[in-house]
Amino acid sequence: MKILYFHQHFSTPKGAAGIRSYAMAQSLLKNGHQVTMVCGSFGNGQTGLTDSFVNGMRRGEVEGIKIIEFELPYSNDLTFAQRVSLFLSFAYKSVKVAMTEKYDLIFATTTPLTASIPGIAAKWLRRKPFVFEVRDLWPELPKAMGVIKNPIILWLMSVLEWISYHSADRLIGLSPGIVNGIISRGIDREKVAMIPNGCDLDIFAIEPDGWRPESVEKTDLMAIFTGTHGLANGLDAVIDAALELKNRKQQEIKLVLVGNGMKKAALQKRAQELKLSNVIFHDPVDKAKLAGLMSEADIGLQVLANVPAFYYGTSPNKFFDYIAAGLPVLNNYPGWLAELIKQEDAGYSVSPESSTQFADALERAASNRKKLKQMGKNAQLLAKREFDRAKLSQKFNDWVTGVTNA
């Protein structure tokens, strides 16, 4: 079967971005299907193509995946207006591909929500089976965060969401809240599968060359955050906890923030103004180097802004990377991941916006390394039992390609 796969932010493991679509595409290939990935250029990602763009597009093949990449450079530093422009440009170019390429099935994954537009066009104009994957609930999340306030834009997004869900033959949600959100829009539960982000055990559950940033001593407890430094991530909570630790004269806990994003400069400025030597910022790294950092880390930080829509409506890559590497997790918001951590004794969950509880948890971790190691083992057992990417990608393959038999 020939599958046309749309993901604007696609990356191979050589990039510093999530690789869910790469893993799912590889599973489709292993099951005998052909995959053409349609994507844009992502600042932290790597498509693997190196030829020059011709008329804003380039084509190639990377590890068996045929790739169509548009010259639409995206980064987390862009303004809202710039992002919207890129999203719409990608949707427009993608519709042209969907109307001209030869394929049997069309698949699209968010974000953004506009990724569904080529699927809608293919479904109704070419009568092609369409499977839609929802990674975040739009417009619920941007509305809850206050990123989008214009009622007309919110209404238009709500209409697009409804059309997207009702046009798809099958859907995938990455968390319990996302699945429930899809169903609440009038979709039959039988048409929706939950396939969360997975653990890349072949990358993280190994013995890589470990490393620490220069300012982190071997004896320090190293807590790491790996991901976007944006509004949604609420990383001021880490700065607040670092300040609390400084005030307690705790010098042997280091908080390492790896990544980029629109809030990074402001976070760095605040840490500098507060003279926080216990916060270290590091540029994004590829998956192999990230695995080396995680092998030396003591605990992973799963941090988000205190937005109730996040509690059950997200499936963050970093959480699954942490547990794949055998890292216990310190989580600072309620929801399904907090419940998992508690149930599996795989780390600590603290109340949102409580720098005291955040600092307390880090001090408990530092003072009982033996307990911390056991929590890490529990986390990795959970990764292997419930979130092995190889198993989840086979489930993905069966669900997506099975639509033609439904």
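Figures for the structure shown
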read-out	value
Any hit, the range 270-283, residues being in contact (Cβ under 8 Å) with a residue 40 or more places away in the chain and either outside any strand (DSSP E or B) or surrounded by fewer than 18 Cβ atoms within 10 Å (Cβ to Cβ) (or both)	yes
Residue ID - farthest from ASN405 (Cα to Cα), chosen from residues in the range 87-113 that are surrounded by 14 or more Cβ atoms within 10 Å (Cβ to Cβ) and without any contact (Cβ under 8 Å) to a residue 60 or more places away in the chain	SER89
Hits in the range 50-73 (condition: surrounded by 15 or more Cβ atoms within 10 Å (Cβ to Cβ) and more than 20 Å from ALA98 (Cβ to Cβ))	VAL62
Test for ARG189: is it outside the structural domain of ALA324 (by TED's automatic domain parsing), surrounded by fewer than 21 Cβ atoms within 10 Å (Cβ to Cβ) and of a type outside the set (A, V, I, L, M, F, W, C)	yes
Answer residue from the range 167-201, given it is touching a residue at least 40 places away in the same chain (Cβ under 8 Å) and part of a helix (DSSP H, G or I) and is nearest to HIS282 (Cα to Cα) among those	LEU201
The one condition in (1) crowded, with 17+ Cβ neighbours inside 10 Å; (2) in contact with a helix residue (DSSP H, G or I) (Cβ under 7 Å, 6 or more places away or on another chain) that ASN31 fails to fulfil	(1)
Residue satisfying condition, being within 15 Å of THR36 (Cβ to Cβ), assigned by TED's automatic domain parsing to the domain that holds GLY18 and either out of contact with any helix residue (DSSP H, G or I) (no Cβ under 7 Å at 6 or more places or on another chain) or basic (Lys, Arg) (or both), within set LYS128, LYS143	LYS128
Residue in the range 148-157 that is surrounded by 14 or more Cβ atoms within 10 Å (Cβ to Cβ), within 28 Å of PHE387 (Cα to Cα) and in contact with a helix residue (DSSP H, G or I) (Cβ under 9 Å, 6 or more places away or on another chain) present	no
Residues satisfying the stated conditions in the range 121-141, i.e. within 27 Å of THR79 (Cβ to Cβ) and either β-branched (Val, Ile, Thr) or in contact with a Phe, Trp or Tyr (Cβ under 9 Å, 6 or more places away or on another chain) (or both)	GLU133, VAL134, PRO139, LEU141
Any hit, the range 38-48, residues being in a strand (DSSP E or B) and within 16 Å of PHE132 (Cβ to Cβ)	yes
Matching residues, the range 112-129, being within 20 Å of PHE87 (Cα to Cα) and hydrophobic (A, V, I, L, M, F, W, C)	LEU113, ALA115, ILE117, ILE120, ALA121, ALA122
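The values are calculated or read from the model by the stated rules, or taken from the named source; none is laboratory data. A quick note: this is a predicted structure, and the numbers were derived from the prediction, not measured. Note: ideal-geometry Cβ built from the backbone for every residue, glycine included; neighbour counts use all protein chains shown.
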